[in-house]
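Chemist: Okay, here's the structure, questions in a sec.
Please treat every number below as a calculation from the coordinates, not as lab data. Predicted model only: the values in this text are computed from it and were never measured. Cβ coordinates were reconstructed from backbone atoms using ideal geometry, including for glycine residues, and neighbour counts include every protein chain displayed.
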Amino acid sequence: MTKIHLLSEELINQIAAGEVVERPASVVKELVENSIDSGATRIEIEVKEGGRKLIRVLDNGCGMSRDDVQLAFSRHATSKISRLEDLHQISSLGFRGEALPSIASVAKVELLSKTAPDSVGTLIRIETGQVKQVKDHPVNPGTTINVSDLFYSTPARRKFLKSQMTETRHIIDLVTNFALAFPEISFRLSIDSREVLKLESADRKQRMAELFGGDVIKKLVELRETGIVGISGFIGKPELSKSSRTDIRFFVNQRSINNRTLLHALTSAYGDMLTKGRFPLAVIFLEVPAHLVDVNVHPQKLEVRFQDERAVHDLLYRAVKKALDREFVGAVRKSVDAIPAYSISQTSSTLKEPPLEYQAGPDSQETVLAKLFSTPVTEKAFPPQLKKDVLPRESNFYQLFNTYILIQSGGELLIIDQHAAHERVLYEEILHSISYQNKASSQKILFPETIDLTPQEFSEFQNNSELLEKLGFEIQSLGGKTVLLSAIPVLARNQTANFLKEVLDESIHQSEAGKDRSKTIASALACRAAVKAGDTLSVTEMQSLLKSLLALDTPQVCPHGRPTLIRIPLSELERRFGRS
C-alpha cells in the first residue's frame, strides 16, 4: 500500500479556504475586489455579528450569465487571466480563481447575478462546496452575494475568530481602504443594520475629507511625483502623529498592501520631526508598471514584491522628504532668522525652583523606598500598607527637559516620568469612579463643537456611548458620522474638542479580544488627559503628583506597563564617575 495518496476534493477546498479566508474581513475583501473588477460604480456591503452571521455584497457591475455563475464556483476558474504571460501583466485586483469556491467550502453562499443583455438573472445556492439549487430569478443587472454562517462547517476555525467588535473593526478598516483607493465608486457599509459609511463618488481629496474629517485635511501635505513610478497621496504634519502604524496606508496600483520597504522610506524621511515610537498619518499611492511588480507573492494579495526594492524606497523617501521640506523648511528658516542673538550669560537655568521641605510620615523616606522597590516592578509589587501622607523629606525637586522630575532622596536619585505617573493616577481615579457607579463631573464647552469622526472612531463611539457619558462626555449624534460635543470630563482640564477623537483613537489601538472595555476606555482617557512631556510643572504641582502617585496600590507602572519612576543609587553615580 502506498503512503502517498491524492487528497479528496473536499479537503483540497478546505486547505485553499485556509489560505484565502482567514477571517470575515477576508471574505469581504474578495467579494468587493470582484465587484470592483466587474466595473461597478456602486457597492453596498452589509455585515451582521462581525461577519459570522451574514456578509452581503451588492454591486451594479457587469454581472454574470447563467453559465458563468456556475463556473465561478469551480476552483481556478477566472476571467482575469488566461495564459502564463498574464501573470506578469496583472491589472485586476482578483485573478487566482480561488476566492468563491474557497468561501463556499466554509459557509452557506447564495449568489444572484444578471448581465444587461439577459432578460432574467440566475440564482445559485451552495453549501459546503456543493451546489444545492440553480434557477432563473428576476434581478437588476449586477451581482448580489450573501455569505452566511461563516465557518459553520469548520467549528474549530470559527472559535479562533476574535471578538465581534474586533472583526467588525477589521471590516471597517478594509472598506475604508477600498474607499480611499477608488473614490470614483460609491460605497455604503452597514454594520448590524446601522449605517457606518455612505460615500458618494468624489475626487480623492474629498474622499479623504469624508473619511478623516475636515480638520485633518488642513494638516495634510500633498505628494505628487511623476515618472516611471508615479507617487501621489497625502502625508500628515507631525502633530497628527500617533503611537501606532494604523494610519499608514500604502496602495500599489490601487491595491492596499503591507511593505516594510515603503514603511522604512516613509519614517526615515520624517527623521527627527517625529519622536521615537510615533508614526505619521499617510495615504500613499504608487503607480508601478505591471511588469516591475509581482502581486502574486501572498495568498491574500496583501504583499507585493518590487523588481528593484531599493529604487522604489529611494523614490518614496525623496518624494516625502521634498514635500516635508517644502512645507516646513521655509517657515522654520523665517522663524530662526527672527530670533535675536542672545549670549549664554543672558540665559537662566530652568532648574531654578527653591527646595521644599516636607513633613515626614510615620515611615522614613528610606523605609518607604525600600518597601516600594523590594520586589520587581510589576502591577502587584506595591505594599498595601503604604500611608498616603508619606512624602520625600528634605528633597529638592527639579524638572528636567520639562519631562522628568528629579528628586534627591537619601542615598538615591529618583527620576519620575511625569506623563506616566500622572496617567497612572488618573487611570486609578477613573476606574474608581466607574466601579462605584458614579458619573464623573463634566466641563461644559462654551461653544459646542461638531466633530466628523472616521468610520472606526464612529463605531467605537457607538459601542461605548454609555461609558463615555458616564465618564463625563456629553455627545449627541447628528447623523452620519458627525457628533456634537457639548462637554468633556473635568479631569481633561483645558483639552480641546479634538480630545474626544484622541480618546476614541487610543481606545481603538488598545482594544484586545476579551479585554475589559472599561479599563480600555479608562486607560485611553487617562493617557490623553495626563500632563505631557514638555509641560512645565511648578514645584507644588510636582509635589502633588508624587503624593498622589505614592498613595496608589500600584504606582510603579502606567496603564500601558511602562515604569513611572526609576532610581539610581549614589553608589552607581560614584562608580560611573570613577569615585569608587
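Chemist: Within 10 Å of each residue's Cβ, count the other Cβ atoms and sort ARG528, ARG194 from fewest upward. Could you put the intermediate results ahead of the total?
Modeler: On the way: ARG528 22, ARG194 10.
The most exposed by this proxy come first: ARG194, ARG528.
Chemist: Kindly state, to the nearest 0.05, the FRET efficiency for ARG562 paired with THR261, given R0 = 25 Å and r defined as their beta-carbon distance. Walk me through the numbers before you get to the answer.
Modeler: Details: r = 30 Å, r/R0 = 1.20.
Here the calculated transfer efficiency is 0.25.
Chemist: Over 23 Å between Cα atoms: which of LYS114/LYS481; LYS444/LYS470; LYS48/LYS198; LYS276/LYS470; LYS219/LYS322; LYS29/LYS218 fall into that group? Before the final figure, lay out the partial values.
Modeler: Numbers: LYS114/LYS481 34 Å; LYS444/LYS470 15 Å; LYS48/LYS198 17 Å; LYS276/LYS470 34 Å; LYS219/LYS322 17 Å; LYS29/LYS218 31 Å.
Pairs exceeding the cut-off: LYS114/LYS481; LYS276/LYS470; LYS29/LYS218.
Chemist: For the pair ILE415 and GLU49, how long in nm is the line joining their label points, each one 7 Å along Cα→Cβ?
Modeler: 5.3 nm
Chemist: Same structure, new question: Roughly speaking, what is the centre-to-centre gap between the stretch 94-168 and the stretch 398-448 when only Cα atoms are used, to the nearest Å?
Modeler: Centre-to-centre (Cα) distance: 52 Å.
Chemist: Modelled label-to-label distance, ARG158 and THR41, 7 Å Cα→beta-carbon offset: nm?
Modeler: 4.1 nm
Chemist: Quick query: amide H of GLY472 versus all other amide H atoms, modeled in the peptide plane; which residues come in under 5 Å with a sequence gap of 5 or more or a different chain?
Modeler: When sequence neighbours closer than 5 places are left aside, the close amide H contacts are ALA440.
Chemist: Taking neighbour counts of Cβ atoms within 10 Å as a proxy for exposure, in what order, fewest first, do MET273, MET208 appear? Can you show the working numbers first?
Modeler: Details: MET273 13, MET208 21.
Fewest-to-most Cβ neighbours within 10 Å comes out as MET273, MET208.
Chemist: For a label point 7 Å from the Cα of SER518 along Cα→C-beta, name the residues of the stretch 545-569 whose backbone N is under 18 Å from it.
Modeler: The answer is 553-554, 559.
Chemist: Once the piece of chain linking GLN408 and ARG245 is laid out straight, how much longer is it, given 0.36 nm per residue of separation minus the C-alpha distance between them?
Modeler: Values: separation 163, 0.36 × 163 = 58.68 nm, distance 3.87 nm.
Stretched out fully, the GLN408 to ARG245 stretch lengthens by 54.8 nm.
Chemist: While we're here: Amide H of VAL221: which non-local residues (sequence gap of 5 or more, or other chain) have their own amide H closer than 5 Å, using H built in the peptide plane?
Modeler: ILE235, GLY236, LYS237
Chemist: Right, another one. Give the order of TYR436, TYR152, TYR317 when sorted by the count of other beta carbons within 10 angstrom, beginning with the fewest.
Modeler: Working: TYR436 7, TYR152 14, TYR317 17.
Ascending number of Cβ neighbours within 10 Å: TYR436, TYR152, TYR317.
Chemist: Given the Cα-Cα distance of LEU400 and LEU274 and 0.36 nm per residue of separation, how much length would full extension add, in nm?
Modeler: Working: separation 126, 0.36 × 126 = 45.36 nm, distance 2.02 nm.
Here the answer is 43.3 nm.
Chemist: If we count every other residue with Cβ under 10 angstrom of GLN418's Cβ, Lys/Arg +1 and Asp/Glu -1, where does the sum land? Before the final figure, lay out the partial values.
Modeler: On the way: positive: LYS532; negative: ASP417, GLU423, ASP535, GLU541.
Within the 10 Å Cβ shell, the charges total -3.
Chemist: While we're here: Describe numerically, in nm with one decimal, the distance between label points set 7 Å from Cα along Cα→Cβ at VAL134 and at LEU573.
Modeler: With each label placed 7 Å out from Cα toward Cβ, I get 8.4 nm.
Chemist: Now for a different question. Would you pull out the residues with amide H under 5 Å of SER190's amide H, same chain only if 5 or more places away, H placed 1.01 Å from N?
Modeler: Residues meeting the amide H criterion: ILE45, GLU46, VAL47, VAL196.
Chemist: Report the full-extension gain for the segment LYS439 to THR166: residue separation times 0.36 nm, less the Cα-Cα distance, to one decimal in nm.
Modeler: Working: separation 273, 0.36 × 273 = 98.28 nm, distance 2.75 nm.
Difference between extended and current length: 95.5 nm.
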